[in-house]
Amino acid sequence: LGQFMGVNAVIYYGPDIFADAGLAAEDSSFSTVLVGLVNMLTTILAVFIIDKVGRKKLIYFGVSGMIICLIAIGIIFATGGAGTLLLVFFLLYIFCQAISISAVVFVLLSEMYPNRVRGLAMSIAGLVLWVGTYLIGQFTPWCMATLSPAGTFFLFAVMCVPYMLIMWKLVPETTGKTLEEIEEYWKK
């Protein structure tokens with residue numbers, strides 16, 4: 001589900017998205033470099049704070065920020081705006097996703113599965129993530145053309161909601177717990 005919240009669309013199609021917003025080719029490329037830089041630096045930050053802050057808190061903070069940014073990006077596209085404000089919301093969006101879903105997903109997945117099936121389960125989870133990445137890579141150009149850039153980013157915002165609900169209702173906080181304690185939680 002996290003793949004359908006737009007991050008790979010922005011990373012794969014950043015130059016095209018920024019060009020659609022009216023940025024010149026060199027500004028579009030520079031904006032894409034900024035997106036990659038923010039993604040990398042924020043991921044490094046997340047590595048240092050994930051155990052202090054907690055997995056679910058990072059998800060709540062990050063995905064809430066992603067929703068706000070995606071709605072703002074959709075509004076900016078819908079109203080014909082572009083430029084610096086659009087870039088700021090894209091960079092904030094990347095910050096929010098890198099500090100939350102990108103940093104937490106593999107840590108949380110590796111903690112959730114019982115020891116006896118962890119290897120197989122992580123392989124399946126990795127496969128599903130890559131299939132989602134492939135699908136969003138194929139789906140994004142169609143979405144941008146059919147729904148418009150504004151509609152595409154509004155759709156990505158909507159896709160964040162079930163992710164938050166699943167995290168809130170079904171996934172336990174694993175920070176500070178041993179793998180055995182987490183396994184006991186699932187047995188209950």
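The values are calculated or read from the model by the stated rules, or taken from the named source; none is laboratory data. The model shown is predicted, which means the values in this text are computed figures rather than measured ones. All Cβ positions, glycine included, derive from the backbone under ideal geometry; neighbour counts span all protein chains shown. Accessible surface areas use protein heavy atoms only, side chains included; no ligands, DNA or RNA. Shrake-Rupley method; radii C 1.70, N 1.55, O 1.52, S 1.80 Å.
General observations
- Helix screen, the chain: DSSP H segments with Cα axial length of 20 Å or more and mean Kyte-Doolittle hydropathy at least 1.0 are 25-53, 55-78, 84-99, 118-146, 148-170.
- Positive-end residue, region 2-142 charge dipole about Cα centroid, Cβ charges, pick of Thr32, Tyr60, Gly137: Tyr60
- Descending principal axes extents, region 4-115, alpha-carbon based, whole Å: 50, 24, 22
- Multiplying the residue separation of Val33 and Lys187 by 0.36 nm and subtracting their alpha-carbon distance yields 50.9 nm.
- Highest average packing first - 86-92, 66-72, 178-184, 146-152, Cβ atoms within 10 Å: 66-72, 86-92, 146-152, 178-184
- Protein-only accessible surface at a 1.4 angstrom probe places the residues Trp130, Trp186, Trp168 in the order Trp130, Trp168, Trp186, largest first.
- Within the accessible area of the chain (1.4 Å probe), percent carbon and sulfur: 72
- Only one residue of Thr84, Pro15, Asn115 has its Cα farthest out toward the positive end of the dipole of region 1-143, where Lys and Arg carry +1 and Asp and Glu -1 on Cβ, and that residue is Asn115.
- Assigned charges on the beta-carbon of Lys, Arg, Asp, Glu; the chain dipole about Cα centre (debye): 580
- On a per residue basis, the chain carries 52 Å² of accessible surface, using protein heavy atoms and a 1.4 Å probe.
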